[in-house]
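Have a look at the structure below before the remarks.
The values are calculated or read from the model by the stated rules, or taken from the named source; none is laboratory data. Note that the coordinates shown come from a computational prediction; the quantities given were computed from them, not determined experimentally. Positions of Cβ are backbone-derived with ideal geometry, glycine not excepted, and every protein chain shown enters the neighbour counts. For accessibility, only protein heavy atoms count, side chains too; no ligands or nucleic acids. Shrake-Rupley method; radii C 1.70, N 1.55, O 1.52, S 1.80 Å.
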Amino acid sequence: MGASIGGKTVVVVGAGIVGAATAYFLSRSGFAVRLLDANAPASAASGAADGAVSVASKRPGPMMTAALAGIALYRRLERDGPLGGLFHERPTIMVAEDEHEAETLRGHAEALAGAGKQLRHFEGTALPSYLPSVSAHVRLAVEVGEEGHAIGYEVVRRLIAASGVAVERTTPVLELVKSSSARSIAAVATPRGPIEADHFVIAAGGGSAELLGLSGTVRPRKGQLVVTERAPALNASLPGSLMSCRYLLSKDAILAAGGAAGRRFGLVIDPLRTGQFLIGGTREESGDTSNDLAAVRIMLASAVRLLPGIARLRALRAFAGVRSATSDGLPLVGRVPGYDNLIVATGFEGDGICLGPLMGRTVSRLIAGEDCELDLAPFAPGRFERRSLVA
Amino acid sequence: MTTGSFAWRGATIPFHPGESVASALMRAGVLQLGQDGAGCRLRYFCGIGACQSCLVSVGGTIVEACLTPAGDDLNIKAVEDEDG
Amino acid sequence: MAEPAISSFDVLVIGGGAAGVAAAAELASAGLSVALAEQRPTLGGAYHRQPVGGSARQLRGQRQWLRLLRGLAGAGVEQRLGHVFIGLESDGIAMLDDRAARRIRSIKARALVIAVGAIERVLPRPGWQLDGVMTSGGLQMLLKETGGVPPGDLLIAGSGPLNVAVAADLIRLGRPPVAVIENGNPFARPGAALRLAAHPGLVAEAARHLARLASARVPWLRGSALAAIERRDGRLRATVRMPGGGSRMFAADIVALHDGIRPNAFGLPAETQAQPIVVRAGDCREALGIRAAVADGRHAARQVAAMLAGTVRDGSADRKIGRQRRAQAILHELFRPVDGYGLAALPDDTILCRCEGRTVGDLRLMLAETDAPGLREIKLNGRFGMGLCQGRFCADAVRDMVAAARPAVDGGASGPLSRDRWPLRPASIAALAADDELQEGK
């Protein structure tokens, strides 16, 4: 719990979900916020996300703890505002397609149960009535309750509107300008001139790295996704989002370096509220947003194998988002060492949507000198030694 | 000279060889193709496969009627009549 | 041994209309290996849409078309009919959706000539989404394909010479439309009419059509605007605003709309000299109509051949293209709407994005917000252009409405409403998933 400075003006860099949430919570706490984006709200990862608000794929630890709090916050914001209508509560259904996967899934389910998640197991004769449209070769399905889906760019837009802050678009931050004491940041330099404030929050996803000298610590990790046309009856036949248990392996932080050999595929089939399906996705050490046929082919082939009815649908759109990943799989959230008014919140990898509102609230509390209610120690930005974090 | 026919919502629709499903339906006076998954009206519109409003289900897959050749053995249904 | 996953050609021509066929034949005669992909089961495109099961009588331009086909035959062009181009993937390989086989065919080409033609502009009007409402070009293609007219009474509306041509076609087929509603008034543009004299072919064609309309007593109501269409008692009722105020109601079974043409360039890869070379030809490059298409296709072919040979080609446009550009400008001026079409006057419940059911009112609400969203934000949050047609029939109107309300918009997230991503068209998942050739790691 750090001391707060008396000033009430804040510059938030990055109008993705973390920045938008930070602007919202800061505004509610009486701060004057300027929200800057190099491009426009949700123009990077937040606008190309799978939208999962979930702990299903997590192992016990700080990320699971955070995600549980993240989900709880979504439910509250959905109920009490400002996210009414944007959080679609639906379970995550983890499926095992062979015995080896079933074994892995059972072990994983135990850990989820231990963390307090509501689970239901379905196997054998119970499967077809629970999942009538899923392939018969599925061995085990574990329904993880209290999960949901939110569309990143919708949440961003709603949070910004509720904050009353006007986004300053096409305003990239070129560098951080230190004060004369060199112990705080005086301003951010932009093409339109410097912008001063009492506090600075860097929530710029992949853009945070260069600003804070973190390149190498925060790396881009691309994920390809496909959206299908509508199929209302098939969509309604799924009680929740399907997640192949192979997804558990896909998130392993230790990946082989680069190239096609290093990429992972983890199948998720999410029935969207429009009646469409969102199918994902890959994890690739890359920062571009192109789609390649090989990846799309593998994703869709796996999807068809699990949910055969998908085969007769058409793919409407393919896209890719770039997550911000760290080498230890934990984000950077907290005060930047050496500066008394600089906070970073980035590196959320695939959990940006789930954790966005929570991290916005946490950062706001940090600045206000309030209890964060979340143990930030595992996310300490200073844990990556050997480099100063501000170039 | 017509050489084939297919069923459409209980009616028999004749077609010339090589003609599209859309034009066969149009000649038979079928202007309404039902609704799509978003609840919007489906009907022939642009004729070049661009507008996605002349959709029909052929063999279970949704296709543009204006691009799809009619055939005797095609299982052609309205999108809203196709299960799923 | 399995067939190779990727076919290779020097050039892939996309689009089997006049420009594409002309380009393919020209490229093949230059000794290049050429594949020609066409989405429909037969070549012809829009203008040369071929009749089925009948004679080729009454088709305009058929002699030219048969000449083009002869040029193609024996040139060794590999034709891929029923193949829809869905885009270039990240390493420049072209993907074709083979509809009959339900497979995606990958084609590696050193150059692409894209000749996918024009798309019609259709302004949003209340009721444009109703059954029985179609585009005039769409109607004309039905006439060409079937040699017949769909049953019922027809009303033609909008603006442009195509509407006059379609009305003349209907008369020749024995089914005159009840009226042709024209927003412009070509007879009140003497300057443009005079300049048209430099294009005697066009003048003669116009005169023939108008004579037909006159003798069939089909009213060509100039300076009028189709304001709304509704369905009542099993028929379409069109409200037409007449010049000088007042309205008339027309009853019809089919209403054909057309407000001009523009290149069907949605989502197309940009022209480039980097590998693969991408060049556009015909109406999808510049909407100049059929008279320019063949010349434009050949011009594109010669450009590509030169680029592939590493030689420099004279970049000046073909004289014929320049002439057609002038002709189109004159026609544009001739048919200019009498009073500017009022997007601002549209009722809130007018459908703007048909595929997603989004209305003019929905867009107005977004534009009334204090925060000024860019076009991409408007698209994503308003869902305009997020549907199956990928913005082909709403992007222009959305963009025009946004520009009118917020001239300085799009400070950020720039990019048109329809981005350059594949698939350009909805593509079968069964085809995309078919893994007979390509497997990761192999």
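The table below lists the values:
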item	result
Average Cα contact separation per residue, chain C, under 8 Å, 6 or more apart, as relative contact order %	19
Spatially proximal aspartates and glutamates relative to C:K320 (Cα-Cα < 12 Å; intrachain offsets below 8 disregarded)	C:D296
Calculated FRET efficiency for the pair B:T3/C:R67, C-beta based, R₀ 35 Å, to 0.05	0.75
Along each principal axis, Cα extent of the protein assembly as shown, largest first, Å	89, 65, 61
Alpha-carbon centroids, the stretch C:144-217 and the stretch C:218-240: separation in whole Å	17
Protein-protein interface of the stretch C:95-139, residues with accessible area decrease of at least 40 Å², isolated chain reference, 1.4 Å probe	C:R99, C:R102, C:D131, C:M134
Rounded, prolate or oblate (a/c below 1.5 giving rounded, otherwise prolate when a/b exceeds b/c) for the stretch C:343-405 by Cα gyration tensor	oblate
Mean Cβ neighbour count within 10 Å, used as a protection proxy, ranking B:6-12, C:318-324, A:363-369, A:169-175 highest first	A:363-369, A:169-175, C:318-324, B:6-12
Carbon/sulfur fraction of accessible area - chain C, other protein chains in place, 1.4 Å, %	53
Share of Cα-Cα pairs in chain A lying beyond 39 Å, as whole percent	16
Against the rule of thumb 2.2 N^0.38 Å, how large the Cα Rg of the stretch C:264-307 comes out	1.16
Shielding by other protein chains, A:286-296, mean Cβ within 10 Å	5
Relative packing of peptides A:23-32, C:234-243 - highest average C-beta neighbours within 10 Å first	A:23-32, C:234-243
Charge-dipole axis of the protein assembly as shown as Lys and Arg at +1 and Asp and Glu at -1 on Cβ define it, positive-most pick from C:A345, A:G84, A:L306	C:A345
A:E210-A:T65 FRET efficiency (beta carbon distance; Förster radius 22 Å; 0.05 resolution)	0.15
Cβ-isolated cysteines (cut-off 4.7 Å), the protein assembly as shown	A:C245, A:C354, A:C372, B:C40, B:C54, B:C66, C:C284, C:C355, C:C389
Cα-based helix-to-principal-axis angle, A:352-368 vs chain A, degrees rounded to 10	30
Protein accessible surface hidden between C and A, which excludes ligands and nucleic acids, total in Å², probe 1.4 Å	3500
Where the stretch B:4-81 is the region considered: accessible area per residue in Å², 1.4 Å probe	30
Karplus (6.51, -1.76, 1.60) ³J(HN,Hα), θ = phi - 60°, over the stretch C:342-347, in Hz, Gly and Pro reported as x	x, 4, 5, 8, 5, x
Mean separation of Cα contacts under 8 Å (6+ apart) over length of chain A, as relative contact order %	25
Candidate lysines - alpha carbon under 21 Å from A:K222, same-chain residues fewer than 8 apart omitted	A:K58, A:K251
Mean separation of Cα contacts under 8 Å, 6 or more apart, over the residue count of the stretch C:122-259: relative contact order %	36
Amide hydrogen neighbours beyond the local backbone of A:G329, cut-off 5 Å, H modeled	none
Cα→Cβ-extended label distance, 7 Å offset, between C:Q275 and C:I6, nm	1.0
Per-residue average of Cβ from other chains inside 10 Å of A:225-234	5
Other protein chain Cβ atoms within 10 Å, averaged over every residue that makes up B:23-34	5
Viscosity 0.692 mPa s, temperature 37 °C, Stokes-Einstein D of the stretch B:4-81 from Kirkwood C-alpha radius, µm²/s	272
5 angstrom amide H check on C:I261, placed H, neighbours 5+ away	C:R121
The stretch C:102-128 versus the stretch C:337-377: alpha-carbon centroid distance in Å	25
Chain A, dipole about Cα centre (Lys/Arg Cβ +1, Asp/Glu Cβ -1), debye to the nearest 20	520
In Å², nearest 10: area of A:T65 left accessible to a 1.4 Å probe	80
Degrees separating the helix C:18-29 axis from the principal Cα axis of chain C, which is the longest one	20
Vicinal HN-Hα couplings computed from phi for the stretch A:152-165 (Karplus, 6.51 cos²θ - 1.76 cosθ + 1.60; Hz; Gly/Pro x)	x, 5, 5, 5, 4, 4, 5, 5, 5, 4, 6, 6, x, 8
